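Just below is one structure, and these are the notes that go with it.
The values are calculated or read from the model by the stated rules, or taken from the named source; none is laboratory data. Quantities reported herein were computed from a predicted structural model and do not represent experimental measurements. We place every Cβ from the backbone using ideal geometry, glycine too, and count neighbours over all the protein chains shown.
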């Protein structure tokens, strides 16, 4: 009991209520540590004592504790290279346990946040080929992520710098996310961006398919514009890749010229970019997505749905005022392992003419129609596909 009282009396301690790993090469940690109803791993020097209540503590090879290790209904796993200069105390005393829990429930108690962060890049050291289009040519980026391992590798900060190969332009994307609960289901995001080129046509033609068509055959069936601004988003993660979010956006848009980059075969049959309406767009955006697919890249069964609503202008300010809603549904099914069906439905509505960068274009991807045969502010589309596996030839 005196050892517990000594730690609580100093008041210089960090408290963890989730499984936590403390590992670093930046010297010793000068504080006392409390693990409450969770497991802890220490792999660094600690100038202080450890208390673990109703959990497991693992001291790895680099652990060196100058104080005591107090196990309250806890279990200790200690590497042969780990050192404890104080005492290892094991007790199930109800008095000690109630004293610790009572202290933590004290209104004057100030909780401390986990400090363990992890810097991560991709396997190429952060470099990546973003894509290919008729404005930027090849886009090359370098990016990184700062994660919080104690919250399931929650991405606290994401940053990316993007450079175009056909003209001197550099863009960036940055996003700071703050978890609002212990499981990171709710988060507050603050983002800023300045893109070399962006498009509103990804819903009908993805980045990979568009890049392949543009580079190999010289056809690029999307319009592009430059986008700059910032956003503040409140997000609720649901399950799988499903989520709900509400965001405030403040953005500007600029027209882009064709750069007519190199193509692999044939002539460069690039269409000209149409001018976009400049000026600031300030809006509130609701976004909700439901995804039951097991594999988003090779879906044989499952459902995907997305609902977006945007309210711009009015009391929010900005040059453009409009209200729009966008509903998109997709369904994949497989029967008897060889029959495959795909249904695609999309409906969009706006209360007034939209700026070009918010409108819709159709054509080329619809059989029998030329590029951009239809364009407007409202749309209704339904599509059904059937596929049959052919017998294998051995």
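Tell me yes or no: at least one residue of the stretch 249-262 is more than 26 Å from residue 196 (Cα to Cα), modelled with pLDDT under 95 and surrounded by 15 or more Cβ atoms within 10 Å (Cβ to Cβ).
no
Looking only at residues that are assigned to a loop (DSSP other than H, G, I, E, B) and touching a strand residue (DSSP E or B) at 6+ places or on another chain (Cβ under 7 Å) in the stretch 1-26, which one is surrounded by the fewest Cβ atoms within 10 Å (Cβ to Cβ)?
Out of the qualifying residues, it is 12.
Run residue 158 past the list (1) over 30 Å from residue 275 (Cα atoms); (2) touching a helix residue (DSSP H, G or I) at 6+ places or on another chain (Cβ under 6 Å) and report the number of the one that doesn't hold.
Against the list (1) over 30 Å from residue 275 (Cα atoms); (2) touching a helix residue (DSSP H, G or I) at 6+ places or on another chain (Cβ under 6 Å), residue 158 comes up short only on (2).
In the set 152, 143, 189, which member is buried (at least 17 other Cβ atoms within 10 Å of the Cβ), without any contact (Cβ under 8 Å) to a residue 40 or more places away in the chain and closer than 30 Å to residue 20 by Cβ?
Checking each option against the conditions leaves just 143.
Return the only residue of 282, 222 being touching a helix residue (DSSP H, G or I) at 6+ places or on another chain (Cβ under 6 Å) and at pLDDT 95 or above.
Exactly one of 282, 222 is touching a helix residue (DSSP H, G or I) at 6+ places or on another chain (Cβ under 6 Å) and at pLDDT 95 or above, namely 282.
Being crowded, with 18+ Cβ neighbours inside 10 Å, part of a strand (DSSP E or B) and under 28 Å from the mean Cα position of the chain (by Cα) is the filter here, so list the residues in the stretch 333-357 that pass it.
Matches in the stretch 333-357: 346, 348.
Check off (1) over 22 Å from residue 163 (Cβ atoms); (2) at pLDDT below 90 for residue 270 and give me the number that stays unchecked.
It is condition (1) that residue 270 fails.
Which residue is modelled with the lowest pLDDT, if the candidates are limited to the stretch 358-374 and must be crowded, with 16+ Cβ neighbours inside 10 Å and in contact with a strand residue (DSSP E or B) (Cβ under 8 Å, 6 or more places away or on another chain)?
So, considering only residues that are crowded, with 16+ Cβ neighbours inside 10 Å and in contact with a strand residue (DSSP E or B) (Cβ under 8 Å, 6 or more places away or on another chain), the one modelled with the lowest pLDDT is 372.
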